[in-house]
1. Here is a list: B:206, B:211. Which entry is over 18 Å from residue B:344 (Cβ atoms) and within 12 Å of chain A (Cβ to nearest Cβ)?
2. State which residue is nearest to residue A:104 (Cα to Cα) when the search covers only the stretch A:32-49 and only residues that are exposed (fewer than 15 other Cβ atoms within 10 Å of the Cβ) and modelled with pLDDT of 95 or more.
3. Which one of the conditions (1) over 19 Å from residue A:289 (Cα atoms); (2) without any contact (Cβ under 8 Å) to a residue 40 or more places away in the chain does residue A:228 fail to meet, given that it meets all the rest?
4. Would you say residue A:237 is without any contact (Cβ under 8 Å) to a residue 60 or more places away in the chain and more than 14 Å from chain B (Cβ to nearest Cβ)?
5. Anything in the stretch B:167-207 that is assigned to a helix (DSSP H, G or I) and farther than 15 Å from residue B:140 by Cα? List them, or say none.
6. Can residue A:254 be described as farther than 21 Å from residue B:263 by Cα and at the interface with another protein chain (Cβ under 8 Å from one of its Cβ atoms)?
7. Does residue A:243 meet the test of being in contact with a helix residue (DSSP H, G or I) (Cβ under 9 Å, 6 or more places away or on another chain) and at the interface with another protein chain (Cβ under 7 Å from one of its Cβ atoms)?
């Protein structure tokens, strides 16, 4: 186990009906808030109006930043910052999925800047030193943004999707009410499961010969649980127990816990997926599903031990040599993606071999910012993409 | 899954050599501290003096509260409070095991009281509203006190060992340096493993038909890991990886994570063990080992599902009906206790059937304070004790 520091700053309020506490939860942080939301679905379901009512009951004044889309855009972050400055907003409340939460974080950090532009955080020219308090009410079990200090934003002009993190970006409170996810359709339910599994698997493949039995067991337990819950939620969208399991498991999947102590690790699949979704407009989880089995096949060539262990512990694969178990494990993951209606390679999302160069170049731009372009060169990423193609 | 709130306030600084940061970690909280320690072993190993040196390098003035013993006493808590008040102490630093950490917490909370006695927190006459900052440097992987808001103290006069908790009792920072546990002897290493496993198992048995697949998987992963690490630490006391696994796993075992969402649950084995250790002066983990298999046998009569699942997932027991698997699981736990040199029933620690009444009466005193004497009557506890006798 490597040395590490760990602290998670977010207070979680979890459970059926807990969203009705939103006014009481927000009020101690301020009475003038920006409410960040996504597309129309929350308005249709009536949740948006109920949240407005609960906020107003506590005397909270609400300004709206709505229309946030998947792979959220820098331009809307700028809009939000402008509203905050114009209206003396004190708190940013996110009601939506990962895109909405990440937009809220970017707005909260950007509005607290004394100089520079919010994009400087993503290009790592500046570090987040402070932010307005962010409170989240996730309505999708996927990104884990509700319990961590990360955010991912796309600059539509330069065509780059970049991430950054800071202790100041942890939501002060996140209200996780699984009933708010009942209306998530099957495809996005599946993408959420894939995203959470990917958050667990990337640090799981943490070096040539890792010695992290505790982190492995925690990740495996969460993965198995998320797989079961994803299937159950697709089958019965209003099954409270499965939605609850899915919601808490996806929060825990990227709350820092399973990564602590695993040592140096990157998120190569996320890195490449950012290029995929910024250039091809696929959903994040969809892009991850198209890449993960291919990336694992490439990785397992030199590191079959962990993929083999995964096959053994998740799918009960046994009685074969390590390479065979490794291969069978990756095949099982691929089949699982298929069974939940997800892509399992780049062909499945319409990406062709001739697209690899510009994907690799876009990914390497991020790798340079992350300081890992020594590991992830254009050539290296092209090699990985070939494994992901079909 | 039940509704819950979750937040953990402690910053963890984990790893080899990290104890040398103690001065720098403590300094932001104050320069006049109380250093709480246990018996002589830390002085012999030189760790005590090294910690003093690191503190002095940062200009920190140290007052000592030493000689804390296992099942720590109220009288020494009173001594500590007096020193704090006399010397204007700002911070309490615990260097030791669970007893030392719990003493530090009690002293920190007691010194901040405006009226009443610190024992009022344990009898639940008063609630902890504030406390001096506590920083811990655990030298034993067992209690999890380094990452939670609980404390257990024994009043030697009334012969009661009582616990309480508060968000104000979370250590601000805990430095977990596994090398500080190299000198823990085999018996206390084993007791630590039993304590951590017991912290996981008590909420695991959380009702007649629980639906908590996520919490179950997390607990099972931690239990399996702790069992492996306990054995490895006993075999090779200076095996860094095993000591590290043990240390982080025992912290996570009672940090609130595996309990969140399991719903109403008590710690009946801990409840009864407190009576055992206060009346018979056994180590806490020793008492737990003597009680846990018996308690599980009693519990499994009406709830064999979870004990069966445990048998299946921890020891790979299969192919039998639910009651048989349950019984085989409990037998496997008993055998494991035996293999690591722990007692597995009350006879093994010299307790006889004629002691049951006073044990039950002592335990029920706590149950009344915990507000659960409806469930845990003298008769009920005597029945459980009969299962634990041999």
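The values are calculated or read from the model by the stated rules, or taken from the named source; none is laboratory data. These numbers were taken from a predicted model, which means no experiment stands behind them. Heads up, the Cβs are rebuilt from the backbone with ideal geometry, glycines too, and the neighbour counts pull from every protein chain shown.
1. Of the residues listed, the single one that is over 18 Å from residue B:344 (Cβ atoms) and within 12 Å of chain A (Cβ to nearest Cβ) is B:211.
2. Checked the stretch A:32-49; the qualifying residue nearest to residue A:104 (Cα to Cα) is A:32.
3. Answer for residue A:228: the failing condition is (1).
4. yes
5. B:167, B:168, B:169, B:198, B:199, B:200, B:201, B:202, B:203, B:204
6. The answer is no for residue A:254.
7. no
Yes/no matrix, rows are residues, columns are (1) out of contact with any helix residue (DSSP H, G or I) (no Cβ under 6 Å at 6 or more places or on another chain); (2) surrounded by fewer than 21 Cβ atoms within 10 Å (Cβ to Cβ):
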position	(1), (2)
A:61	yes, yes
A:84	no, no
A:94	no, no
A:99	yes, no
A:104	yes, no
A:107	no, no
A:115	yes, yes
